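The next block holds one structure in the form of structure tokens; read it before the comments.
What follows is calculated from the coordinates using simple rules that are stated; it is not laboratory data. What you see is a predicted model; the values in this text were computed from it and never measured. Neighbour counts are summed over all protein chains in view; Cβ atoms, including those assigned to glycine, are modelled from backbone coordinates with ideal geometry.
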Amino acid sequence: MGIWIELRITNYELRITNYELRITNYELRITNYELRITNYELRITNY
């Protein structure tokens, strides 16, 4: 028994102003961001 999550995002706007990316064992730090999602559809079903 599991859970299937389907997320469709049709319109989004992502602004990242400050970030630091280190690739050694992959570390990503995002300090300032703004995310606007205008249209989305979320389906969660059990199987």
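Near LEU14, once Lys and Arg are set to +1 and Asp and Glu to -1 for all other residues with Cβ below 15 Å from its Cβ, the sum equals 0.
Among (1) 16, 11, 10; (2) 33, 11, 7; (3) 29, 19, 6, which one is semi-axes √(5λ) of the Cα gyration tensor in Å computed from these coordinates? The value computed from this structure is option (3).
A straight chain from ARG29 to ARG15 at 0.36 nm per residue would run longer than the Cα-Cα distance by 3.6 nm.
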